[in-house]
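Notes follow the structure.
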Amino acid sequence: MNERRRKPKNYKEGDWFLVPLDRTGEFAVGRIARANRGLLIAYVFGPSVSAPPAAEDLAAIRAENVVDVMKVADVGIRNLEWPLLGGLPGWENERAYWPVPAFGHIDLMDPERGVIRQLKENLLDYEEKECDRETALSIPEDGLRGHLSAERRISRYFPEPGVVLSAEEARRARAARALEKWVARWEEMGY
Amino acid sequence: MTKGQILGWCETAKKFYCDECAGFTGGEYVAGTINSLIDLVGGGLGNTFGLGSAAGTFSQDPTLENAPGAFLDAVSIAGLAAAPMASGTTHTLTTEEGTVVRTGRTLFPALRELQHGYTYSDLDFNLDQTGMSYCEMRGREKVISDHYQPILDKINAISPTNPMRQTYLNAASRLGGVGQ
């Protein structure tokens, strides 16, 4: 049943993968830190690459240098839209250094109220606590990314080859682009 | 913020009930804490999804290979038959820019998340409020749907003729937030 949607699982925790970047035609490097039932905790790293990195380059990447970490559906990897590089020996020893982070979001109806959601290791259960808006915005954004949505989000961090923006810079750049669009629209309308 | 609790399943109305709507529909109530999908189907949910006697199969066979119905297909594939479930939850689907394009509610947030992950690859699934009673969940969905006017929401969150409408909205208003 549902074979049309579900390709066989082809990955495991600790595997490295590439995410195609629509702006540069290159790839971001990612690692599956946790995986359960189609949900992944993915760490994404820069700079962007044009070819799969060598094993020693991957081994040198540390979780602390992450560009973004997100919960994402595994569809991109299962469908081979995100090239899978495989794992390196020693993930069992490394696993503790690649934790499931706390995610934050702002309440839909109360913009001053933040919520921190700490996922359990199975990625299905969680604990929540309230916090202020700034705290919620300062940690990785809550929510499950569809893989196409994740691709676009990740692309924001890599506007051109060799350039990696921080989350804050990417947010500002996106806001600036949105403002430019609105100004252009207003000018078209004669304001 | 005080949140309610889902108390069980009303077999007559084929609906969950909480302390606010208990007794409203009358009939036979299946009370008790709902810990898993198996408990729910044992409590009558199988009939709601048109599964009939498959509910019995469900309880005994968590792999569900022979159980009909799209819902159980999804449960089976997700392997969530014995997974713990939360109480009332509302959620949104948003674009990359954060625009809310769809709202929803579920008692099975983990399952719903998985379904959306496969159905809407270009959107983000965001849990909104969790741990609500049935009435709070219905009201909250209405509140966020009215506030954001999502373009993919095809039907009213609460029918204007629903006799429980005000009860749901009153329950949601206790949750707080802008626009209450």
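The values are calculated or read from the model by the stated rules, or taken from the named source; none is laboratory data. Everything numeric here is computed off the predicted structure, so don't read it as measured data. Here the Cβ positions follow ideal geometry from the backbone for every residue, glycine too, while neighbour counts run over all protein chains shown.
Within segment B:133-158, which residues are in a loop (DSSP other than H, G, I, E, B) and over 21 Å from A:HIS105 (Cα atoms)? Break it down stepwise before answering.
First, pick out the residues of segment B:133-158 that are in a loop (DSSP other than H, G, I, E, B): B:133, B:149-158.
If the condition is that a residue be in a loop (DSSP other than H, G, I, E, B) and over 21 Å from A:HIS105 (Cα atoms), then B:SER133, B:ILE151, B:LEU152, B:ASP153, B:LYS154, B:ILE155, B:ASN156, B:ALA157, B:ILE158 are the ones that fit.
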ask   = B:GLU96 fails exactly one of the following numbered conditions: (1) away from chain A (no Cβ under 13 Å); (2) in contact with a strand residue (DSSP E or B) (Cβ under 9 Å, 6 or more places away or on another chain). What is the number of that condition?
value = (1)
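Among the listed residues B:THR130, B:THR161, B:THR167, which satisfies the condition of being in contact with an Asp or Glu (Cβ under 8 Å, 6 or more places away or on another chain) and either in a loop (DSSP other than H, G, I, E, B) or in the same structural domain as B:CYS18 (by TED's automatic domain parsing) (or both)? Lay out the reasoning, then the answer.
Values: B:THR161 fails: in contact with an Asp or Glu (Cβ under 8 Å, 6 or more places away or on another chain); B:THR167 fails: either in a loop (DSSP other than H, G, I, E, B) or in the same structural domain as B:CYS18 (by TED's automatic domain parsing) (or both).
From the options B:THR130, B:THR161, B:THR167, the qualifying one is B:THR130.
Quick check on A:ILE139: is it buried (at least 16 other Cβ atoms within 10 Å of the Cβ) and within 14 Å of chain B (Cβ to nearest Cβ)? Before the answer, list the steps.
Working: buried (at least 16 other Cβ atoms within 10 Å of the Cβ): yes; within 14 Å of chain B (Cβ to nearest Cβ): no.
Here the answer is no, as A:ILE139 does not meet what is asked.
It is to be established whether one or more residues within segment A:154-168 are among the charged types (D, E, K, R), without any contact (Cβ under 8 Å) to a residue 40 or more places away in the chain, away from every other protein chain (no Cβ under 14 Å) and within 30 Å of B:TYR118 (Cα to Cα).
Going through segment A:154-168, the residues among the charged types (D, E, K, R) turn out to be A:156, A:160, A:168.
From what's left, without any contact (Cβ under 8 Å) to a residue 40 or more places away in the chain: A:156, A:168.
Restricting the remaining residues to those that are away from every other protein chain (no Cβ under 14 Å) gives A:168.
Pick out the ones that are also within 30 Å of B:TYR118 (Cα to Cα) and you get A:168.
Looking for residues that are among the charged types (D, E, K, R), without any contact (Cβ under 8 Å) to a residue 40 or more places away in the chain, away from every other protein chain (no Cβ under 14 Å) and within 30 Å of B:TYR118 (Cα to Cα), one finds at least one in segment A:154-168, hence yes.
Please determine whether any residue of segment A:23-36 is of a type outside the set (Gly, Ala, Ser), assigned to a loop (DSSP other than H, G, I, E, B) and within 16 Å of A:ALA73 (Cβ to Cβ).
So the first thing to find is which residues in segment A:23-36 are of a type outside the set (Gly, Ala, Ser), and the list is A:23-24, A:26-27, A:29, A:31-32, A:34, A:36.
From what's left, assigned to a loop (DSSP other than H, G, I, E, B): A:23-24, A:26.
If we keep only those that are within 16 Å of A:ALA73 (Cβ to Cβ) too, we end up with none.
Looking through segment A:23-36, none of the residues is of a type outside the set (Gly, Ala, Ser), assigned to a loop (DSSP other than H, G, I, E, B) and within 16 Å of A:ALA73 (Cβ to Cβ).
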key: Qualifying position, being closer than 19 Å to A:LYS12 by Cα, surrounded by fewer than 17 Cβ atoms within 10 Å (Cβ to Cβ) and of a type in the set (Lys, Arg), among A:LYS129, A:LYS120   = A:LYS120
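With the condition kept exactly as written, say whether any residue in segment A:69-77 is under 25 Å from A:ASN122 (Cβ atoms) and either assigned by TED's automatic domain parsing to the domain that holds A:LEU119 or hydroxyl-bearing (Ser, Thr, Tyr) (or both). Outline the logic, then answer.
To start, the set of residues in segment A:69-77 that are under 25 Å from A:ASN122 (Cβ atoms) comprises A:69-77.
From what's left, either assigned by TED's automatic domain parsing to the domain that holds A:LEU119 or hydroxyl-bearing (Ser, Thr, Tyr) (or both): none.
No - not one qualifying residue is present in segment A:69-77.
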task = Return only the number of the condition from (1) modelled with pLDDT under 95; (2) out of contact with any Asp or Glu (no Cβ under 9 Å at 6 or more places or on another chain); (3) more than 14 Å from chain B (Cβ to nearest Cβ) that A:ASP132 does not satisfy.
result = (2)
Single residue of segment A:40-73 satisfying the filter (closer than 18 Å to A:TRP91 by Cβ and within 12 Å of the chain's Cα centre (by Cα)) that is nearest to the other protein chains (Cβ to nearest Cβ) = A:LEU40
Flag if B:VAL75 is more than 8 Å from chain A (Cβ to nearest Cβ), under 18 Å from the mean Cα position of the chain (by Cα) and either at pLDDT below 90 or more than 28 Å from A:ALA150 (Cβ to Cβ) (or both) = yes
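If you take just the strands (runs of 3 or more DSSP E) that sit entirely in segment A:65-113, which of them hold at least 2 residues that are among the small types (Gly, Ala, Ser)? Quick ask: steps written out before the conclusion?
Working: elements: A:68-73, A:84-86, A:102-106.
In segment A:65-113, the matching strands (runs of 3 or more DSSP E) lie at A:102-106.
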request  = Take A:TRP82 and decide whether it is out of contact with any Cys (no Cβ under 7 Å at 6 or more places or on another chain), hydrophobic (A, V, I, L, M, F, W, C) and more than 19 Å from B:SER121 (Cα to Cα).
outcome  = no
query = Of the residues in segment A:80-101, how many are surrounded by fewer than 16 Cβ atoms within 10 Å (Cβ to Cβ) and either among the basic types (Lys, Arg) or touching a Lys or Arg at 6+ places or on another chain (Cβ under 6 Å) (or both)?
reply = 1
ask   = Is it the case that some residue within segment A:49-61 is in contact (Cβ under 8 Å) with a residue 24 or more places away in the chain and assigned to a strand (DSSP E or B)?
value = yes
task = List every residue pair whose Cβ atoms sit under 8 Å apart, with the two residues 6 or more apart in sequence or on different chains, where the first one lies in segment B:100-125 and is buried (at least 20 other Cβ atoms within 10 Å of the Cβ) and modelled with pLDDT of 90 or more and the second, anywhere, is in a helix (DSSP H, G or I) and small (Gly, Ala, Ser).
result = B:THR103/B:SER145; B:LEU123/A:SER149; B:ASP124/A:SER149; B:PHE125/B:GLY117
